[in-house]
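The values are calculated or read from the model by the stated rules, or taken from the named source; none is laboratory data. Quick caveat: nothing in here was measured; it's all calculated off a predicted structure. With ideal geometry, Cβ positions are generated from the backbone for all residues, glycine too; neighbour counts draw on all protein chains shown. Accessible surface areas use protein heavy atoms only, side chains included; no ligands, DNA or RNA. Shrake-Rupley method; radii C 1.70, N 1.55, O 1.52, S 1.80 Å.
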Amino acid sequence: GLPHRRHPVRGSRGPARQRSRGLPFWSSGPRSLSMRNPDVVVIGAGFGGLATALRLAELGADVVLCETLRYPGGCASTFTRSGYQFEAGATLFSGLGDGQLFSRWNEQWDLGVRFDPLDPLVELRTKQWSLAIAAERDSLVRRFGELPGADREALGDFFRTQRRVADALWKLFEDPSLLPPLNGGSILRHLSRSISYAPVLRWMGRPLSDVVSASGLAGWEPLRTYLDAVSQITVQASAAEAEAPFAMAAVDYFFRGTGHVHGGIGNLAWGLTKAIERAGGSVLLANRVHGLRREGGRWRVDTRRGEHRTETVVANVLPQSLGSMTQPQMNGELHDVEESVESGWGAAMLYLAVGSDAVPGPEARHLQLIDDEAAPFVEGNHVFCSISAADERKRAPDGQRTVTVSTHVPMHKLRGLPAEDQGTYVANIQAKMRETIARRAPELLEHETFQMTASPRTFARFTGRHLGYVGGVPRRVGLKHYRPRALWPRQAMPGLYLVGDSVLLGQSTLAVALGGVRTAEKIAARDAWSRGAAE
């Protein structure tokens, strides 16, 4: 677990040396940095990079985090345009419950971030019915049982199976020490829990739809629609494609400390940035990394404002971006990850402002809207809307709220089009998004005061995501997800690690943060600075 002490025990290479440079952690000015020799350089201040850097600093590392943008968070950030503050992506955030990762850090480092519980967490709307998704499983099952044609006994059977699988896997998510690489203690703990893993083993290599069929619910449209909708925004695949154990764990996302970060997820990103500095690390914003070169058994990291020499680099980027900046080339070490990324998605976005009267109640709201349940849940047929709370005063002028709306864009289809047709394709998706909103949540468009759009190209330009891929790699059915290399912190070359939504855990803010924590702990277990700090 995380230490409870305010500052880690550190050697002479700690915060004093960093402060002597005269650069505050948020520094984004043009001043050049003379050569630094930190223990670890982390590239990218998305949540995977933030979590890696903070945990490394807690463990005693002299860590430098370099970020291209002038604000942290990456694809899970809050940005300002035309007097409005929008979430970059429409989503919910987990890990906010008592004892969970972000909650622990909020308390330990006095981040001052407010987490708001929501009930319902999401309202799912279709042509025939709507469902208020509760923050408590039994309430959700009861609400399902009230829908026309519901088989309460079969529903109970499905959700009992789902809960057993989710409980087994979330123990791993909430305690990264149980993830590989394993030591004697973690192996013994796994052995003591072996009975609880039996439900997981039964469904490995099978789609989530097989679990539905085994419960006798294959023909009941509300459950299929719900699972397709949840799976598309979590494991990035439909229920018929999704690897069953991962998808059943993802269904539990709503019940595991999920809620709203007051003021926007950017508040949490900034809080973690400040915590890294208080723990002794440095965060250098607006400091793009231009290249990595292996020289004499160490890495030379060339950045906008200087260079660093270090034994260890952690990159919170997509593997395609890492490969393009690294010399010598990685010789296909991350080829499997690159292929998984390229089978995934981009996002088309609408950023709206609406009058406060468009939304009942003062709380933040989340809507999942489906136009045609029989069509794929992509390209505007399925949209997710995140609406700010009424008292988030900095996010919109008085009497208004901001709305971030997203839908999946199949990148293989977009990239297969001629360049001159790609803009038209995305514009048509955005028009379809508005049609879906007009049918399922017309109150938003009736009170609309502002609109701005974004596309995969926008994400590529502003966040540096390769070609605009977002959301993580799809967890489509297959045993490949259980291979050792998929469960270990991913090392691309000696001393060069990859974190983020394309590797270990991945696919949510919480998952990439937990993967970053596990990667930091693996690095600390083998490096001399960690042993010195412990002494």
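Couple of notes before you dig in:
- The chain - percent of accessible surface contributed by carbon and sulfur, probe 1.4 Å: 51
- Solvent exposure of GLU277, expressed as accessible area, is near 60 Å², computed with a probe of 1.4 Å over the protein chains only.
- Relative contact order [Cα under 8 Å, 6+ residues apart], the chain, whole percent: 25
- Given a 1.4 Å probe and the protein chains as shown, SER340 ends up with an accessible area of around 30 Å².
- ARG309-ALA525 FRET efficiency (beta carbon distance; Förster radius 35 Å; 0.05 resolution): 0.95
- Lys, Arg +1 and Asp, Glu -1 on Cβ, resulting dipole of region 190-254 about Cα centre, debye, nearest 20: 240
- Here region 257-355 is treated as an ellipsoid with the same Cα gyration tensor; its semi-axes, largest first and in whole Å, are 31, 23, 13.
- Semi-axes of the equivalent ellipsoid for region 378-513, Cα gyration tensor, largest first, Å: 33, 21, 15
- The rule of thumb for compact globular proteins, 2.2 N^0.38 Å, goes into the C-alpha radius of gyration of region 437-535 1.58 times.
- The listed residues GLU435, GLU443, once ranked by accessible area (1.4 Å probe) with the largest placed first, stand as GLU435, GLU443.
- Exposure ranking of LYS432, LYS127, LYS274 by accessible area [1.4 Å probe, largest first]: LYS127, LYS274, LYS432
- Only Lys, Arg, Asp and Glu carry charge here, each on its Cβ (+1 for the first two, -1 for the last two); on that basis region 475-528 has a dipole of about 320 debye about its Cα centre.
- Taking the convex hull of the alpha carbon positions in region 456-497 and averaging its projected area over all directions gives 4.2 nm².
- Spatially, region 206-258 and region 312-355 are offset by 26 Å when compared through their Cα centroids.
- Note on GLU153: accessible area approximately 150 square angstrom, rounded to 10, probe 1.4 Å, nucleic acids and ligands left out.
- The chain, helix-only ellipticity at 222 nm - DSSP H runs n ≥ 4, -39,500 (n - 2.57), divided by all residues, nearest 500: -11000 deg cm²/dmol
- Simple spin-label estimate for MET452 and GLU153 in nanometres, 7 Å along Cα-Cβ: 5.6
- Accessible surface, per residue, of the chain when the full set of protein chains is kept, probe 1.4 Å, Å²: 39
- Projecting the Cα atoms of GLY281, THR458, VAL473 onto the charge dipole of the chain (Cβ charges, centred on the Cα centre) puts GLY281 farthest toward the positive pole.
- Out-of-range pairs (alpha-carbon distance over 29 Å; input LYS171/LYS432; LYS274/LYS394; LYS127/LYS413; LYS413/LYS480): LYS171/LYS432
- Long-range Cα-Cα pairs in region 305-426 (distance over 25 Å), rounded percent: 52
- Dipole moment magnitude, nearest 20 debye, the chain about Cα centre, only Lys, Arg, Asp, Glu C-beta charged: 2040
- Under the combined filter of DSSP loop state and at most 16 neighbouring Cβ atoms within 10 Å, region 329-429 retains none of its trypsin sites (Lys or Arg not before Pro).
- Proximal aspartates and glutamates relative to LYS522, as straight alpha-carbon distance under 15 Å, when same-chain residues fewer than 8 apart are discounted: ASP39, GLU58, ASP175, GLU311
- Computed over region 213-306, Kirkwood Rh from alpha-carbon pairs, angstrom: 17.9
- Gyration tensor over alpha-carbon atoms, region 59-122, equivalent ellipsoid semi-axes in Å: 23, 22, 10
- Taking 0.36 nm per residue of separation and subtracting the current Cα-Cα distance, fully stretching the chain between ARG278 and SER213 would add 18.2 nm.
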